[in-house]
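The values are calculated or read from the model by the stated rules, or taken from the named source; none is laboratory data. From a predicted model like this one, the values you see are computed outputs, not experimental measurements. Cβ sites come from the backbone with ideal geometry, for glycine too, and all protein chains shown count toward neighbours. Ligands, DNA and RNA are stripped out before the accessible areas are found, and what is left, the full protein with its side chains, is counted by its heavy atoms. Shrake-Rupley method; radii C 1.70, N 1.55, O 1.52, S 1.80 Å.
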Amino acid sequence: MAASSLSLRAMAILWPSFLMAGVLEMLVFAVVDPTQLHWFGGAPIELSPTAVYTVAFFVFWGAIAAAGALTQLLETPSTELNQIPPS
């Protein structure tokens, strides 16, 4: 797999996942107030709302990108995956 092919695949995964992470963040924070979030033990999350938005965006982006990467991997033909790289 050439470098240009790899970069095209990466952009085919990262760009749509970036856009969908933004949409997901808008949907989630339309109903969730970041100042009212608590950890599982009940302690409040002591981050600013901006920090909560930022962390949530990167978590959403990473999860969606991982799903896209797995889809790309599963969609790749076996002949391409099993090629022996030139030495």
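Where Rh denotes the Kirkwood radius from the mean inverse Cα pair distance, what is Rg over Rh for the stretch 39-85?
So for the stretch 39-85, dividing Rg by the Kirkwood Rh gives 1.33.
For labels at residue 67 and residue 15 in the simple 7 Å Cα→Cβ model, what's the distance in nm?
Reported label-point gap for residue 67 and residue 15 is 2.0 nm.
Mind checking the full-extension length gain between residue 79 and residue 40? Use 0.36 nm per residue of separation minus the Cα-Cα distance, one decimal, nm.
Residue separation times 0.36 nm, minus the Cα-Cα distance, leaves 9.4 nm.
Just the number please: accessible area per residue for the chain, 1.4 Å probe, all protein chains included, in Å².
76
At 1.4 Å probe size, with the rest of the protein present, what percent of the exposed accessible area of the chain is carbon and sulfur atoms?
On the chain, the fraction of accessible area on carbon and sulfur atoms equals 73 percent.
Run a plain Debye calculation on the chain (Cα atoms as equal point scatterers, no solvent) and give log10 I(q)/I(0) at q = 0.11, 0.15, 0.16, 0.26 Å⁻¹, rounded to two decimals, same order as the q list.
Calculated log10 I(q)/I(0) at the listed q: -0.47, -0.69, -0.74, -1.25.
Please return the longest range in the chain lying between exposed loop sites, taking chymotrypsin sites (Phe, Trp or Tyr not before Pro), DSSP loop only, at most 16 other beta-carbon atoms within 10 Å, and leaving the sites out.
Between the exposed loop sites, the longest stretch runs 41-87.
So, R0 is 35 Å and r is the distance between the beta-carbons of residue 55 and residue 8; what FRET efficiency does that work out to, to 0.05?
For residue 55 and residue 8, the calculated efficiency is 0.75.
Under the Karplus relation 6.51 cos²θ - 1.76 cosθ + 1.60, θ = phi - 60°, what is the ordered set of whole-Hz ³J(HN,Hα) values for the stretch 62-72, x standing for Gly and Pro?
Here the 3J(HN,Hα) series is x, 5, 5, 5, 5, 5, x, 5, 5, 4, 4 Hz.
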